[in-house]
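Student: First the structure, then my questions, so here it is.
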Amino acid sequence: SRGLDPPPAVTLAQRSCPQRCVCASNLLSCSQANLSAVPAPLPRFTAVLDLSHNNVTRLRADWAPARLPHLHALLLSHNGLAFVSTEAFTHVPRLRHLDLSSNRLRTLDENLFSDLGELEVLLLYNNEISTVDRTAFENLGRLRKLYLGQNRIARFPLELLREGTRLPQLALLDLSANRLRAVPAGELQALPAWLRDRLYLHNNPLTCDCLLFQLLDCGRRRHLSAVEDFQDELRCFPPGATTHVKILDLAGKQPLNCSKAQEAVLEAHLGDSVTLGCDSRWQGVRSRHWVTPGGERVLGDGGNGSVVLLANGSLQLRALRPEDAGTYSCWVAGPLLNETLYVELLVHNFTLHGPHDTLNTAYTTLVGCILSVVLVLIYLYLTPCRCCCCRGTEKPPAPRDDSINSSVLSTTPNHAGGPGEPCGSHIASGAGTGQNGRFKGGGTPPLPARPGPKAQRKVSDPDSVSSVFSDTPIVV
C-alpha cells in the first residue's frame, strides 16, 4: 500500500552480531548479559569484545575457534573467572589490551601470556593470585602497564625488571595491596626513574628497613608519583612491633634510626674516571644535554676527550682535575614536560683525603724507620775501634814542637804496629783515622824526611792534646 515503507536493510554487522550482545561497527558489547560462556560465532572483524559482568568462569582454548586477527581489546572483568588455558590466546595474537580484573584467578602459570607478543596493557588486579611464575610474562616485549594490585602475592619475581630483557618496555607495575613483606630495595634503587615513578608498593605489610626508607625518601624528593600520591599508605612494621608506621617517618626514630641518603652526590679522586647519570623520570626523552659547573654546555665529545656524552645520556669525565669539581646539571626534554637533574661531584686530592694517602704515609714511615735503624747499626759496627787495646806498644810522647807543627789531618800513626795487634791497626793507603778516632776517607800521607836538624820530626800522635783541638797546622 502507499502508506507502508519497505523495511530497512539489515547490515552485515547486525546479521552476525551474537544474541544478547550489542554491536556497533567492529565493537561488540556483551556486558551484563548473564552469559556463562563466550558467545559463538564471533564476527571476524571484531576489534573490541566486552564480556564483563557475566558468569564466564573458565576460558578454554576453544573459546575462539576461528582466528580473530583484528581483536585488540578483550574485557573479561567481573566474571568469577577461575581458569585460563595456556592456549586461550592462540587465535588472538594482535591483542593489545586484556582485562582479567575482579575475578577468582589464583595462579599465573608458566607461559600463560606468551602468545600475546603485542600486548601493552594487562589488568589482573582484584583477584586471588598468590603464585606468579617468572615465565608467565614470557615474550611480552611490548607490555607497558601491568596491574597486579589487591591480590595475595607474597613474592613477585622482580628480577624480571632488573634483567631488562623480559619486560623491556614496562613503565607501570602495580603491586599494591598484596602480602609483600620484603622487597629488594637496593635492586629497586638501580631501576630507571621512569619505572620507579610508577612502581606502586603501598598497602603491603612490609618490614621496616632503612634501605626501603631511603628508596622511598629519594622518590619523594624526586616527586615520583608512586611515592608522592600514596605517602600515607606506604607503611611498614618495625622489628617486633604489631602496629605499622609510616615508612617516610622513620628518619631518626628508634629502633632503626634511619638517616636520609644524599642523592646524586659523587666523590672521586684526582686522575679517576667517573660517569654522571641522567636518570630522568620521563620515558621517551626527546633530547638532553649537560651543563658543567663553569656554565659550559656539553652536547657531545669534549675537545680533548676528557668529557664524553654517552648514548644513554650519561656524562663521562676522564682524568679528573681539581677544577672538575662542582654541580653538573642535566637538562631533559620529555614528551610532555621538561626536567632538570643535578649531580654534585666532589674531587679529592688523594694525597690529602684519598685512600692512597693512608698507604703512602704508612709506607713512608716504615721505610724511614728501617733506614734509621740501618744507619745506626752502620755507625755502631763499622766505625774503627779507638779503644786502648788497639794501640799496640805505648811510646813516649813526641816533643812539644813536633806536636805543635803536626796536622790533625795526618792519617799515619807514629808507631808501627806489631804482628800481634788486634783490630788491624795498619791503615791502607787512601784511608785513615781522623780526629777523635773517626774514620777519614782520604788521609794525608806522611811528609818525607828532610835533611838537617829537623829531619827526625814525626807526625804527631793524633791523641795529643794539640792535635785534638787544632783544625789546621800551626806554623811556629
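The values are calculated or read from the model by the stated rules, or taken from the named source; none is laboratory data. Please read these numbers as outputs of a predicted model, since none were measured by experiment. For neighbour counting, all protein chains shown are included, and Cβ atoms are generated from backbone atoms with ideal geometry for every residue, glycine included. All accessible areas refer to the heavy atoms of the entire protein, side chains included, with ligands and DNA or RNA removed. Shrake-Rupley method; radii C 1.70, N 1.55, O 1.52, S 1.80 Å.
Student: With Cβ to Cβ distances under 11 Å as the rule, what net charge do the other residues near residue 128 carry (K, R +1; D, E -1)?
Tutor: Net charge in that neighbourhood comes out at +3.
Student: Also, I was wondering about something else. Could you tell me whether the stretch 113-241 comes out rounded, prolate or oblate from its Cα gyration tensor? Rule is a ≥ b ≥ c as square roots of the eigenvalues, rounded for a/c under 1.5, then prolate if a/b exceeds b/c, otherwise oblate.
Tutor: prolate
Student: Just read off the accessible area of residue 91 with the full protein assembly in place, 1.4 Å probe, to the nearest 10 Å².
Tutor: Surface accessible to solvent at residue 91 totals approximately 60 Å².
Student: Given +1 on the Cβ of Lys and Arg, -1 on the Cβ of Asp and Glu, and no further charges, what dipole in debye does the stretch 163-221 carry about its Cα centre, rounded to the nearest 20?
Tutor: Dipole about the Cα centre, nearest 20: 100 debye.
Student: May I ask you to order 82-90, 219-227 by the average number of other C-beta atoms within 10 Å around their residues, highest value first?
Tutor: Ranking the peptides 82-90, 219-227 by packing returns 219-227, 82-90.
Student: Within 10 Å, count the other beta carbons around each residue, average over each peptide in 26-35, 99-108, and list them highest first.
Tutor: 99-108, 26-35
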